[in-house]
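Worksheet: one structure, shown below.
The values are calculated or read from the model by the stated rules, or taken from the named source; none is laboratory data. The model shown is predicted, which means the values in this text are computed figures rather than measured ones. Cβ coordinates were reconstructed from backbone atoms using ideal geometry, including for glycine residues, and neighbour counts include every protein chain displayed.
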Ligand code: UDP
């Protein structure tokens, strides 16, 4: 039932150009400590999907750096039947403070959750040795903690989600998960505000997520490559056809073909001012608000176009709500007047080749004049950090980890209330009209990510936790 994912090793030396000499020395020291501490054990990372979403995005490269440092790090995804995912998506939404599909979390759901968790745990226990370190990610894997801990593994539960203001939904999800999560030796949260009440503070740790500056999604990209990728995938209107040939021949970080499925036919003119949100099709990302607010503000947005892009919903293994949300957004778009419709584009990005998908996201974020992330809740917005690293002006909601990422008016602009579409439209207009402001925000944003949100810092934080938990 478990899937082993290939993790190509990456050298931590790749971080050298981004760090001061002292920071780089600290990173090498942390890598050496991890190698020593874990020399005779395996570091297992367990989550629910290989692609689609921030956790999968981070695990591949973090584990790559661990392997490149000499740690036997392995990435395993669990088997998630649909009835299990319906329960865990409910838990996911409620931990963010929202009811989700409003379905129950009673004994039946507990039975489903426990049965699937037990099967997955049994598969892993066959391979895990006592004192191996097992990182379980998010609600989908917490149910494996009791059995794994009983087998002698050192279990750490890493929860990437949380709510700014705990409410009855949050409490319900915590009550559901607590009997399993309690078996972990340590808990890692993305911000201190997310730490659950009643846990032993000495066993709680805070690690903010990060992006890999050198991954295909974030690595530098020449403007011609950006254009060629966006045109060859159909996101921007075409120049000459040989652009695509030129791209495939010489420049492409992956195969890039005309395979983004535009939900409607008209691509964005290549030189139009561009606003973009790239996210899973999830109501917590508020794609409806992104579209509706943009449409309402259109008279004030010059000639700007909006692209809302997300994964091909058939390809994301652990998100049962994606197809419905995409359908709702498409219906909302269809109901718009023709002018608004011609300026708003919905795109479903191919997911089968991760390198290709990453190159498209990289190009789209770089081409955008404004990167939007209008989430209603967010553990940490990887897309926010990705836009900031590309020196974009990011407009995002003041929720969850985004508050730690953006200093309002300095390294991006925050929206106080996700329901205030007028404020969203007004801030879009201000940013679109003031290129100097956008450039200042973008420069500060890149610097902020360099200082706080690169994987080098993230790796060091993990080593500090391992030294506490596994020494
Ligand atoms: N992403 C992607 N393709 C898509 C949509 C999203 O590669 O079509 C990536 C996005 O670039 C980011 C991650 O998925 O790296 C989403 O992480 P985030 O923390 O923003 O949100 P999550 O999905 O974890 O809630």
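Suppose the filter is more than 24 Å from residue 78 (Cβ to Cβ) and away from the ligand (no atom under 11 Å from the Cβ); does residue 349 pass it? When the stated conditions are applied, residue 349 does not pass them.
None of 31, 11, 56, 118 is closer than 22 Å to residue 138 by Cβ and touching a residue at least 24 places away in the same chain (Cβ under 8 Å) except 118.
For beta carbons closer than 9 Å, sequence separation of 6+ or different chains, a first residue in segment 367-384 that is closer than 21 Å to residue 59 by Cα and free of Cβ contacts under 8 Å to residues at least 12 places away in the same chain and a second that is near the ligand (Cβ under 7 Å from one of its atoms) and in a loop (DSSP other than H, G, I, E, B), there are no qualifying pairs. Scanning segment 271-290 turns up no residue that is away from the ligand (no atom under 16 Å from the Cβ), within 15 Å of residue 356 (Cα to Cα), modelled with pLDDT of 85 or more and more than 21 Å from the chain's Cα centre (by Cα).
For segment 119-137, the criterion of being within 15 Å of the ligand (Cβ to nearest atom) and under 29 Å from residue 152 (Cβ atoms) is satisfied by at least one residue. Filter segment 65-84 down to the residues that are surrounded by 21 or more Cβ atoms within 10 Å (Cβ to Cβ) and part of a helix (DSSP H, G or I) and list them by number. If the condition is that a residue be surrounded by 21 or more Cβ atoms within 10 Å (Cβ to Cβ) and part of a helix (DSSP H, G or I), then 65, 66, 84 are the ones that fit. Return the residues of segment 391-401 that are surrounded by fewer than 24 Cβ atoms within 10 Å (Cβ to Cβ) and in contact with a helix residue (DSSP H, G or I) (Cβ under 9 Å, 6 or more places away or on another chain); say none if nothing qualifies. Passing the criteria: only 391.
Within segment 139-172, which residues are in a helix (DSSP H, G or I) and buried (at least 24 other Cβ atoms within 10 Å of the Cβ)?
Quick first cut of segment 139-172, residues in a helix (DSSP H, G or I) only: 139-142, 145-150, 168-172.
Answer for segment 139-172, where residues must be in a helix (DSSP H, G or I) and buried (at least 24 other Cβ atoms within 10 Å of the Cβ): 139, 140, 141, 142, 145, 148.
Counting only residues that are outside any loop (DSSP other than H, G, I, E, B), in contact (Cβ under 8 Å) with a residue 24 or more places away in the chain and within 23 Å of residue 83 (Cβ to Cβ), which one in segment 301-323 is nearest to the ligand (Cβ to nearest atom)? Give the derivation first.
Taking segment 301-323 first, the residues outside any loop (DSSP other than H, G, I, E, B) are 305-311, 313-315, 322-323.
Then keep just the ones that are in contact (Cβ under 8 Å) with a residue 24 or more places away in the chain; that gives 305-311, 313, 315, 322-323.
Filter once more, keeping what is within 23 Å of residue 83 (Cβ to Cβ): 311, 313, 315, 322-323.
On the way: 311: 4, 313: 10, 315: 9, 322: 10, 323: 14 Å.
Result: 311.
Would you please name the residue that is farthest from the ligand (Cβ to nearest atom), looking only at residues in segment 175-189 that are touching a residue at least 40 places away in the same chain (Cβ under 8 Å) and in contact with a strand residue (DSSP E or B) (Cβ under 7 Å, 6 or more places away or on another chain)?
We begin by selecting, within segment 175-189, every residue touching a residue at least 40 places away in the same chain (Cβ under 8 Å); these are 176-177, 180, 184-186, 188.
From what is left, the residues that are in contact with a strand residue (DSSP E or B) (Cβ under 7 Å, 6 or more places away or on another chain) are 184-186, 188.
Numbers: 184: 21, 185: 25, 186: 22, 188: 16 Å.
In this case the residue turns out to be 185.
If I filter segment 446-454 for residues that are touching a residue at least 60 places away in the same chain (Cβ under 8 Å), crowded, with 21+ Cβ neighbours inside 10 Å, assigned to a helix (DSSP H, G or I) and within 20 Å of the chain's Cα centre (by Cα), do I get at least one hit? Checked against the condition, which is being touching a residue at least 60 places away in the same chain (Cβ under 8 Å), crowded, with 21+ Cβ neighbours inside 10 Å, assigned to a helix (DSSP H, G or I) and within 20 Å of the chain's Cα centre (by Cα), segment 446-454 yields at least one hit.
Scanning segment 410-425 for residues that are exposed (fewer than 15 other Cβ atoms within 10 Å of the Cβ) and in contact (Cβ under 8 Å) with a residue 24 or more places away in the chain yields 410, 419, 422.
Within the bounds of segment 325-334, is there any residue that is surrounded by 18 or more Cβ atoms within 10 Å (Cβ to Cβ) and outside any helix (DSSP H, G or I)? There is no residue in segment 325-334 that is surrounded by 18 or more Cβ atoms within 10 Å (Cβ to Cβ) and outside any helix (DSSP H, G or I). Taking (1) under 27 Å from residue 207 (Cβ atoms); (2) over 27 Å from the mean Cα position of the chain (by Cα) in turn, residue 106 satisfies each apart from (1). Among the residues making up segment 15-45, those that are modelled with pLDDT under 95 and part of a loop (DSSP other than H, G, I, E, B) are 19, 20.
Answer yes or no as to whether residue 348 is assigned to a loop (DSSP other than H, G, I, E, B) and closer than 27 Å to residue 161 by Cα. Here the answer is no, as residue 348 does not meet what is asked.
Taking residue 295, is it on the phi < 0 side of the Ramachandran plot, within 12 Å of the ligand (Cβ to nearest atom) and surrounded by 21 or more Cβ atoms within 10 Å (Cβ to Cβ)?
The answer is no for residue 295.
A single member of 376, 438 is at pLDDT 95 or above, part of a loop (DSSP other than H, G, I, E, B) and on the phi < 0 side of the Ramachandran plot, and it is 376. The residues in segment 46-79 that are more than 16 Å from the ligand (Cβ to nearest atom) and touching a helix residue (DSSP H, G or I) at 6+ places or on another chain (Cβ under 9 Å) can be counted, and the count is 14.
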